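Below is one structure; the comments refer to it alone.
The values are calculated or read from the model by the stated rules, or taken from the named source; none is laboratory data. If you're wondering where the values come from, they're calculated on a predicted model, not measured in any experiment. Every residue, glycine among them, receives a Cβ derived from its backbone with ideal geometry; neighbour counts consider all protein chains shown. What goes into the accessible areas is simple: the full protein's heavy atoms, side chains included, and nothing from ligands, DNA or RNA. Shrake-Rupley method; radii C 1.70, N 1.55, O 1.52, S 1.80 Å.
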Amino acid sequence: MCGIVGLFLKDPKLEPKLGEMLTDMLVTMTDRGPDSAGIAIYSGARDGLGKITIQSSQPESDFKGLDGALKEAIGKPVTLLEKSTHAVIELPIDQIQAARSALAKLRPGVKVMSVGDSIEIFKEVGLPKDVVKRFDVAKMKGTHGIGHTRMATESAVTTMGAHPFSTGSDQCLVHNGSLSNHNGLRRELVRLGKTFETQNDTEVAAAYVSRKLEEGQSLGEALESGLDDLDGFYTFVVGTKNGFGVVRDPIACKPAVMAETDQYVAFGSEYRALVNLPGIEDARVWEPEPATVYFWER
């Protein structure tokens with residue numbers, strides 16, 4: 001049992017409040033997942049610049065001087081903003097791969113949470129209220145975001161085992177449920193060039209979607225393909241640079257509710273995650289249908 005939340009803003013006036021709204025939604029789902037929590041914020045791209053969000057168990061030593069070391073390694077300007085155990089590195093978008101290669105040599109203990117134009121992922125072990133406070137999520141601005149509270153059932157409670165999982169540029173996924181064919185899919189995806197940090201089945205689902213997007217499918221098409229290829233029971237919420245998607249397996253035994261107004265589209269594992277959203281009393285509220293893909297893109 002885990003808790004999922006998601007928020008896709010249509011009204012730019014709400015963008016300064018994205019983190020605040022997602023924080024409230026996530027903390028409300030604490031009893032569905034007290035082991036760890038995570039959140040992905042899409043905060044908009046800056047011309048020519050990209051982001052790498054990293055995590056370290058020893059941030060004081062790993063982050064010290066890292067911006068200068070990366071600047072020297074890639075020969076381009078680099079800025080680094082520390083947030084507790086995480087840091088956001090901003091650099092020219094065409095230098096992301098070079099920076100990742102340099103990072104692996106300079107700080108081998110550092111883990112990459114996400115890369116892309118606009119995505120930032122923050123996740124840690126602990127109660128959701130403590131995780132969002134640690135990273136000051138309530139003050140974050142953005143266009144859309146997804147979050148997850150985890151109750152581990154099949155793999156270790158670790159930072160890397162927490163959701164969201166990001167396996168492609170500006171793409172991430174959160175999951176409530178369990179996949180039965182993830183081992184076979186992992187082997188096939190490795191053969192196709194994907195790499196994995198954990199044994200978590202959710203990372204396999206994320207990599208599957210990434211692969212489909214790399215093959216040219218749209219987000220909606222990738223989720224449709226998953227209905228044929230992913231076995232098990234699941235609810236997925238997926239974020240991309242421009243989009244937000246939801247799909248449930250054909251049995252749909254995991255709870256889910258959605259709401260839509262002129263200002264936003266929201267997802268929660270339970271309705272109580274949505275009750276404090278503005279205008280919720282006038283929203284169209286529904287339970288996503290089994291084996292049906294819902295997605296919004298700007």
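Some points to look at:
- When Leu81 is tested against (1) outside the structural domain of Lys123 (by TED's automatic domain parsing); (2) surrounded by fewer than 19 Cβ atoms within 10 Å (Cβ to Cβ); (3) in contact (Cβ under 8 Å) with a residue 12 or more places away in the chain, just one condition goes unmet, and that condition is (3).
- Residue under evaluation Ile146, criteria (1) in the same structural domain as Leu91 (by TED's automatic domain parsing); (2) among the hydrophobic types (A, V, I, L, M, F, W, C); (3) in contact with a strand residue (DSSP E or B) (Cβ under 7 Å, 6 or more places away or on another chain), criterion not met: (1)
- The lone criterion from (1) open to solvent by 60 Å² or more (accessible area, probe 1.4 Å); (2) touching a residue at least 40 places away in the same chain (Cβ under 8 Å); (3) farther than 24 Å from Glu270 by Cα left unmet by Leu127 is number (3).
- Extreme residue, least open to solvent (accessible area, probe 1.4 Å), among residues of the stretch 134-167 that are part of a helix (DSSP H, G or I) and out of contact with any Asp or Glu (no Cβ under 7 Å at 6 or more places or on another chain): Val137
- Restricting the stretch 96-121 to residues that are within 23 Å of Gly239 (Cα to Cα) and touching a helix residue (DSSP H, G or I) at 6+ places or on another chain (Cβ under 7 Å) leaves a set whose member that is least open to solvent (accessible area, probe 1.4 Å) is Val115.
- In the stretch 2-17, the residues that are open to solvent by less than 20 Å² (accessible area, probe 1.4 Å) and in contact with a Ser or Thr (Cβ under 7 Å, 6 or more places away or on another chain): Cys2, Gly3, Ile4, Leu9
- Taken over the stretch 239-257, the criterion of being under 19 Å from the mean Cα position of the chain (by Cα) and of a type in the set (Gly, Ala, Ser) is satisfied by Gly239, Gly243, Gly245, Ala256.
- Conditions (1) open to solvent by less than 60 Å² (accessible area, probe 1.4 Å); (2) touching a helix residue (DSSP H, G or I) at 6+ places or on another chain (Cβ under 6 Å); (3) not in a helix (DSSP H, G or I); number of the one not met by Val237: (2)
- Within the stretch 75-133, the residues that satisfy the criterion of being part of a helix (DSSP H, G or I), closer than 25 Å to Thr149 by Cβ and of a type outside the set (A, V, I, L, M, F, W, C) are Pro128, Lys129, Asp130, Lys133.
- Looking only at the stretch 261-273, residues that are open to solvent by less than 40 Å² (accessible area, probe 1.4 Å) and of a type outside the set (A, V, I, L, M, F, W, C) come to 4 in all.
- For Pro34, the conditions (1) open to solvent by less than 40 Å² (accessible area, probe 1.4 Å); (2) of a type outside the set (Asp, Glu); (3) in the same structural domain as Lys241 (by TED's automatic domain parsing) are fulfilled apart from (1).
- Criterion: in contact (Cβ under 8 Å) with a residue 12 or more places away in the chain and within 30 Å of Pro108 (Cβ to Cβ) - qualifying residue of Arg248, Arg186, Arg272, Arg191: Arg186
- Matching residues in the stretch 274-285 - criterion: being open to solvent by less than 40 Å² (accessible area, probe 1.4 Å) and either over 21 Å from Gly243 (Cα atoms) or part of a strand (DSSP E or B) (or both): Gly279, Ile280
- Residue in the stretch 271-281 that is in contact with a His (Cβ under 6 Å, 6 or more places away or on another chain) and assigned by TED's automatic domain parsing to the domain that holds Thr143 present: no
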